[in-house]
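Have a look at the structure below before the remarks.
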Amino acid sequence: MTTRRPRIAIITGAGSTRGIGFASARLLGAAGNRVVITSTTDRIFERVAELRDEGIHADGVVADLTDEAGADAVVARALDSFGGVDILVNNAGMTAVSDSFAPGVIGRTVVDHWRASLDRNLTTTFLMTRAVTGVMQAAGYGRIVNVSSVSGPVAAYRGDAAYHAAKAGIVGLTRSTALETAAAGITVNAVAPGWIDTASASDHERRMGAATPVGRSGTPDEVAHVIAFLAGEGASYVTGQFITIDGANSISEERGA
């Protein structure tokens, strides 16, 4: 009987110890996959060391994924280190974090903020997806999981229209790419986390999590388990789908009781 080689996974936005990206890398690696993780800073090598200490075959790349060369460099590292790309988790992205791109009402949203947010959240997903599809098509196999959000596709909060537009755009990109790649053995799905208690979560976000029907914020591991299912071989007939992970918050009609 021929033994199948381990699958190779790329996970973007994995620099934080308490983030969805690193939780996904750890879970996929513990399942026997090789993992290549990325972030925009050198802290990614600390995460690589942690994964290797757990016995996971891991490598890391510092890359600006809003740039074509950055996306291509990540794929090249996966090919050089492990010989392929079978799984892509597009997790890179964030809400506005800089005063220079301070979000506001739509009438005061500056074009630089709008473009920067779309680049961070949507363009990164597009460029990484484009960079891996040729490799996956040649292999006749692939799993792409895009991390969207309930913010945009399902619900919204005031003050960051660009982020909402970008996360909604990820869903459209997911469905379009799923149709284009289905015959090649590639599945493309999206997950939509709600209030998740990551390292960057604010006290306000934690209060919102406590107000969900479940009564708490979700954890990065809980999102990672859904990603791992979609990234697995058993999810071969699931593609073009959008899975909400929000403790039933988006379906609750009774508010403020």
Top to bottom by accessible area (1.4 Å), largest first, where do THR17, THR109 land? THR17, THR109
If you find the alpha carbon centre of segment 56-74 and of segment 152-201, how far apart are they in angstrom? 21 Å
Please determine, in degrees from 0 to 90 and to the nearest 10, the orientation of helix 124-139 with respect to the longest principal axis defined by the Cα atoms of the chain, where the helix direction is its Cα long axis. 30 degrees
Note, ³J(HN,Hα) from phi for segment 150-156, Karplus 6.51, -1.76, 1.60, rounded to Hz, x at Gly and Pro: 5, 6, x, x, 10, 9, 7
Dimensionless Rg ratio for segment 37-80, taking C-alpha atoms and the 2.2 N^0.38 Å reference: 1.16
Taking every alpha carbon pair in segment 8-244, what does the distance histogram look like in 5 angstrom bins from 0, in percent? 1, 7, 15, 19, 21, 17, 11, 6, 2, 0, 0
For PHE242, enumerate residues with amide H under 5 Å from its amide H, sequence gap 5+ or separate chain, H modeled in the peptide plane. ALA190
Can you work out ³J(HN,Hα) from phi for every residue in segment 24-35, in order, using Karplus 6.51 cos²θ - 1.76 cosθ + 1.60 and θ = phi - 60°, giving whole Hz and x for Gly and Pro? 5, 4, 4, 5, 5, x, 5, 7, x, 7, 7, 10
Diffusion constant of segment 183-257 at 4 °C, which comes from Stokes-Einstein with the Kirkwood Cα-pair radius and 1.567 mPa s, µm²/s: 94 µm²/s
On C-alpha positions alone, give me the angle between the axis of helix 220-230 and the longest principal axis of the chain, in degrees, nearest 10. 50 degrees
Can you list the residues, at least 5 places off or on another chain, whose amide H is less than 5 Å from the amide H of THR187, using H built in the peptide plane? GLY142, ARG143, ILE144
Where a ≥ b ≥ c are the square roots of the eigenvalues of the C-alpha gyration tensor, would you call segment 130-257 rounded, which needs a/c under 1.5, or, failing that, prolate if a/b is larger than b/c, or oblate? prolate
Sort VAL154, VAL238 by accessible area with a 1.4 Å probe, largest first. VAL154, VAL238
The percentage of the accessible area of segment 8-244 (probe 1.4 Å, all protein chains present) made up of carbon and sulfur atoms, to the nearest whole number, is 53 percent
dims of segment 21-95, Cα set, principal axes, largest to smallest, nearest Å -> 32, 29, 18
Please give the solvent-accessible surface of GLU180 in Å², to the nearest 10, using a probe radius of 1.4 Å with every protein chain present. 140 Å²
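The values are calculated or read from the model by the stated rules, or taken from the named source; none is laboratory data. The structure displayed is predicted, hence computed values, not measured ones. To get the accessible areas, we keep the full protein, side chains included, count just its heavy atoms, and leave off ligands, DNA and RNA. Shrake-Rupley method; radii C 1.70, N 1.55, O 1.52, S 1.80 Å.
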